[in-house]
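In what follows, a single structure is set out as structure tokens and then discussed.
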Amino acid sequence: MDFYSLLGKYYDDVFPTGQAQKDFLSDAIMPGSKVLDVGCATGGYGHYLGGKGIEVIGIDLDSDMVEKANSRKSENEQYHVLDMRKILQLEDFDFDVVYSLGNTIVHAPSNYSLVKIIQSMYSKLRDNGTLILQIVNYDRIYKDQVTSLKELESKGGEIKFRRSYELEEHEVIFRGEIEEVSTGEKYTSETSLLPVMKETLEDILVTSGFKYPRFFGDFKMSKYTVDSPAIIVVATK
């Protein structure tokens, strides 16, 4: 079993849906809304919203995770394998809310690509629609030279997930290692992330046409500071 197959098998245990995130989404999304979940993974937040009568379209690049999301969807949900750079291919859909949680958008291969992604999100929103984005606070990561994150493990202790950063000027090399506890086997993966700073993200949003961007440091709506663990932004079309 490779790195991503193993991670996908235990994804919901390692990255469970959080109550703070669900409360945040509930407050931001009106009943009866139509939403796009960018980077839906196994559909945890989509299932939560779908159960509240909200219409959810989810997209992700990982076909195994999308299959898992579809295997337990409600009638209000549908999930597709689709690159976030191709959001405009969803020609038959417009949305009241577009959200992307879990540090998804920094997987864009370049700043130019990130700009195009956010412009596409703008295009797919209805007038006065809402955009919600969450990423790691790279202002803090670079200020404090953070090179490792907290080790995670599945609920039953079957796997351990270790994460580290190599900080470059224009990219972060993210390395993941999964240890299968019963066998001692270790699987690794490496990918490049964009270290998107708060000021850069705000500039992209404003130049893309978004209004009133509000920044928070966590899903409890704490005020954003350079020491916040996350950058969470809510903006209006």
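Quick check on region 142-161: of everything there that is of a type in the set (A, V, I, L, M) and more than 29 Å from Ser26 (Cα to Cα), which residue is modelled with the lowest pLDDT?
Result: Ile159.
Output the residues belonging to region 73-93 that are exposed (fewer than 15 other Cβ atoms within 10 Å of the Cβ) and either within 11 Å of Val35 (Cα to Cα) or outside the structural domain of Ser63 (by TED's automatic domain parsing) (or both).
Matches in region 73-93: Phe93 only.
Can you confirm whether region 136-155 contains a residue that is within 30 Å of Lys211 (Cβ to Cβ) and in a loop (DSSP other than H, G, I, E, B)?
So far as region 136-155 goes, yes, one or more of its residues are within 30 Å of Lys211 (Cβ to Cβ) and in a loop (DSSP other than H, G, I, E, B).
Being assigned to a strand (DSSP E or B) and of a type in the set (Val, Ile, Thr) is the filter here, so list the residues in region 167-221 that pass it. It would help to see each step written out before you state the result.
Residues of region 167-221 assigned to a strand (DSSP E or B): 167, 172-180, 185-193, 211-216.
The answer is Val172, Ile173, Ile178, Thr188, Thr191.
Give region 1-19 a look and list any residue that's under 24 Å from Met84 (Cβ atoms), hydrophobic (A, V, I, L, M, F, W, C) and more than 14 Å from the chain's Cα centre (by Cα), or say none. Show your work before the answer.
So the first thing to find is which residues in region 1-19 are under 24 Å from Met84 (Cβ atoms), and the list is 2-12, 14-18.
Adding the requirement that they be hydrophobic (A, V, I, L, M, F, W, C) leaves 3, 6-7, 14-15.
Scanning region 1-19 gives Phe3, Leu6, Leu7, Val14.
Scanning region 157-166 for residues that are of a type outside the set (A, V, I, L, M, F, W, C) and part of a strand (DSSP E or B), which turns out surrounded by the most Cβ atoms within 10 Å (Cβ to Cβ)?
Tyr165
Scan region 81-95 for residues that are touching a residue at least 40 places away in the same chain (Cβ under 8 Å) and under 28 Å from Pro229 (Cβ atoms) and report the count.
Filtering region 81-95 down to residues touching a residue at least 40 places away in the same chain (Cβ under 8 Å) leaves 84, 87, 90, 93-95.
Now restrict to residues that are under 28 Å from Pro229 (Cβ atoms): 84, 87, 95.
Summing the residues that are touching a residue at least 40 places away in the same chain (Cβ under 8 Å) and under 28 Å from Pro229 (Cβ atoms) in region 81-95 gives 3.
For region 94-113, how many residues meet the condition of being among the small types (Gly, Ala, Ser) and surrounded by fewer than 18 Cβ atoms within 10 Å (Cβ to Cβ)?
Residues in region 94-113 being among the small types (Gly, Ala, Ser) and surrounded by fewer than 18 Cβ atoms within 10 Å (Cβ to Cβ): 3 in total.
A quick yes/no check of all residues on (1) exposed (fewer than 13 other Cβ atoms within 10 Å of the Cβ); (2) outside the structural domain of Leu125 (by TED's automatic domain parsing):
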| residue | (1), (2) |
| --- | --- |
| Glu185 | yes, yes |
| Ser189 | no, yes |
| Thr200 | no, no |
| Lys211 | yes, no |
| Arg214 | yes, no |
| Gly217 | no, no |
| Asp227 | yes, no |
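Give the residues of region 140-156 that are of a type outside the set (Phe, Trp, Tyr), under 14 Å from Leu193 (Cα atoms) and surrounded by 16 or more Cβ atoms within 10 Å (Cβ to Cβ), sorted by residue number.
Ile141 - this is the single residue of region 140-156 that is of a type outside the set (Phe, Trp, Tyr), under 14 Å from Leu193 (Cα atoms) and surrounded by 16 or more Cβ atoms within 10 Å (Cβ to Cβ).
Could you list all residues from region 208-237 that are free of Cβ contacts under 8 Å to residues at least 24 places away in the same chain and not charged (D, E, K, R)?
Selection gives Pro213, Phe215, Phe216, Ser222, Thr225.
If you go through region 61-73 one residue at a time, do you hit one that is in contact (Cβ under 8 Å) with a residue 60 or more places away in the chain, among the charged types (D, E, K, R) and farther than 23 Å from Asp127 by Cβ?
Yes, the conditions are met somewhere in region 61-73.
If you check Asp96 against the conditions, is it among the charged types (D, E, K, R), in the same structural domain as Asp218 (by TED's automatic domain parsing) and within 12 Å of the chain's Cα centre (by Cα)?
When the stated conditions are applied, Asp96 does not pass them.
The values are calculated or read from the model by the stated rules, or taken from the named source; none is laboratory data. None of these values were measured; they are calculated from a predicted model. Ideal geometry is used to build each Cβ from the backbone, glycine not excepted, and the neighbour counts take in all protein chains shown.
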